[in-house]
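The values are calculated or read from the model by the stated rules, or taken from the named source; none is laboratory data. Just so it is clear, the model here is predicted, and its values are computed rather than measured. A quick note on method: Cβ atoms are made from the backbone with ideal geometry, for glycine too, and the neighbour counts reach across all protein chains shown.
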Amino acid sequence: MVVESEGYAALIEYFIENLGQFSAPGDQVGSETIDELVHELVASQIMAICDQNKDMPQALRFEIMREADQIVADLEEILSSKWKQKPTYAQINILEEFIGLVKNLFDASVAESV
């Protein structure tokens, strides 16, 4: 669906190109770790997809959830050394942008599937 697509591969490359933000100095903010932030962002985007597509077949919902788990696992692998640290503002912005772009991939894929 999404994680095997060329679009997702391009987004991963884009994320890796911006990986320097995760080693750049900056004030850590909030009480959440990067792990918690990623889970929260992905979950909120998946809920938005499901809310926007109330007639989506159950099988497609489950496939989206499986792929969301894979996306979190990919980010955990990429950010393994920073996963349990609190993010900086720049890191939050990159994660929000990346996960928003992934949601766009899901939106397009769902539109084609329904």
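Some observations on this one:
- LYS103 vs. criteria under 15 Å from GLU32 (Cα atoms), touching a residue at least 40 places away in the same chain (Cβ under 8 Å) and surrounded by 16 or more Cβ atoms within 10 Å (Cβ to Cβ): no
- Within the range 66-82, residues that are among the basic types (Lys, Arg) have Cβ atoms under 6 Å from residues that are modelled with pLDDT of 95 or more in these pairs: LYS82/PHE22; LYS82/ILE34, counting only partners at least 6 apart in sequence or on another chain.
- Residues that are among the polar types (S, T, N, Q) and free of Cβ contacts under 8 Å to residues at least 12 places away in the same chain, drawn from the range 24-56: SER44
- Scope the range 36-49; condition over 11 Å from LEU95 (Cβ atoms) and touching an Asp or Glu at 6+ places or on another chain (Cβ under 8 Å); matching residues: ILE49
- Taking (1) in contact (Cβ under 8 Å) with a residue 40 or more places away in the chain; (2) in a helix (DSSP H, G or I) in turn, ALA9 satisfies each apart from (1).
- Screening LYS84 on (1) closer than 18 Å to GLU32 by Cα; (2) surrounded by 14 or more Cβ atoms within 10 Å (Cβ to Cβ); (3) basic (Lys, Arg) shows it passes everything except condition (2).
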